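Undergrad: Have a look at this one.
Coordinate-derived values only; no laboratory data. This is a predicted model, so every value here is computed, not measured. Because the Cβ atoms are built from the backbone with ideal geometry, glycine has one as well, and the counts that use them run over all protein chains shown.
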C-alpha cells in the first residue's frame, strides 16, 4: 500500500500574506520549511507531492534534496482565491492515480512526523473495521448556540450542565484527510461514506487561517513546541 501526501501550497494568501513561506520563528522559509521536514521524516509516507504555482516555493523545494519529495507545478487557474476545494479535489485525484492520499496543509505546524505516522496506523486499522477514510477533528464540549438557542443541551432539563457531560460535537480542523485515491474519482471527495473521526488536541489541531493565528503560532514555535 502506497501513501502519497498531497500538500497544496498556492501562491499568495488574502488573510495572511505569503503565509506558506513567510519567515516564522527563525525558519527562513516558514511554514513550508517546517511541514516538509515533518512529512519527509514520516516512516509511513512514501511520497510527498507538493502542488504549487509559486516560483519561490518551487525554488526552495528544489533545494531540499529528498527523493520522497515530488514538485508538481499547478496551473494558475487552479490556484486562485476563486478555486473551489471541489476543483482541487478533482485535481488531486488526477495527480495520484493509485494507493492512498493523505491531504494536509502547512498551516498545521504542530502536527509532527510521529503524529502523522500514528494517524496512518489508525487509518489502516480502522479500514479493517469498516471505515473507508479518516479525517482529523477537534472535539468541542462547550455551550453552543445557534440563532434558536442551545444545540447540544436542553435548558429545560438543566440550565448549565457540566461541560464534561455534554454530548461532544466535532469540528473538522482540516489537518488531515486520508482516503483511497479511488474515492477522489468515484465520489469527487477526500473522504468516503464512513470516515473515522480522529480527534486531535487543540495544539495539534491548531490551524493558521488569520494573522492572529500566525502570531500565536510564531510565539509557540519559538519555544520549540510540536516540532519533533
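Undergrad: Does residue 44 fit the bill of being surrounded by fewer than 22 Cβ atoms within 10 Å (Cβ to Cβ) and either in contact with a strand residue (DSSP E or B) (Cβ under 9 Å, 6 or more places away or on another chain) or within 17 Å of residue 177 (Cβ to Cβ) (or both)?
TA: Criteria met by residue 44.
Undergrad: Another question, if that's okay. Return the residue satisfying two criteria in turn: it lies in the stretch 160-200 and is within 25 Å of residue 150 (Cα to Cα), touching a residue at least 24 places away in the same chain (Cβ under 8 Å) and in a loop (DSSP other than H, G, I, E, B), and of such residues it is nearest to the chain's Cα centre (by Cα).
TA: Selected residue: 168.
Undergrad: Would you pick out the residues in the stretch 62-80 that are more than 15 Å from residue 41 (Cα to Cα) and touching a helix residue (DSSP H, G or I) at 6+ places or on another chain (Cβ under 8 Å)?
TA: 71, 72, 73, 74, 78
Undergrad: Would you be able to tell me the number of residues in the stretch 73-94 that are over 18 Å from the mean Cα position of the chain (by Cα) and more than 29 Å from residue 211 (Cβ to Cβ)?
TA: Number satisfying all stated conditions: 1.
Undergrad: In addition: Could you tell me whether residue 66 is free of Cβ contacts under 8 Å to residues at least 24 places away in the same chain and surrounded by fewer than 17 Cβ atoms within 10 Å (Cβ to Cβ)?
TA: no
Undergrad: Let me ask something else about it. Please name all residue pairs, on different chains or six or more residues apart, with Cβ atoms under 7 Å, provided the first residue is in the stretch 43-63 and is free of Cβ contacts under 8 Å to residues at least 40 places away in the same chain and on the phi < 0 side of the Ramachandran plot and the second residue is crowded, with 21+ Cβ neighbours inside 10 Å and outside any loop (DSSP other than H, G, I, E, B).
TA: 58/52; 60/32; 61/50
Okay, residues lined up against (1) free of Cβ contacts under 8 Å to residues at least 12 places away in the same chain; (2) more than 26 Å from residue 118 (Cβ to Cβ); (3) touching a helix residue (DSSP H, G or I) at 6+ places or on another chain (Cβ under 6 Å); (4) surrounded by fewer than 18 Cβ atoms within 10 Å (Cβ to Cβ):
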residue: 2; (1), (2), (3), (4): no, no, no, yes
residue: 7; (1), (2), (3), (4): no, no, no, no
residue: 12; (1), (2), (3), (4): no, yes, no, yes
residue: 15; (1), (2), (3), (4): no, yes, no, yes
residue: 19; (1), (2), (3), (4): no, yes, no, no
residue: 34; (1), (2), (3), (4): no, no, no, no
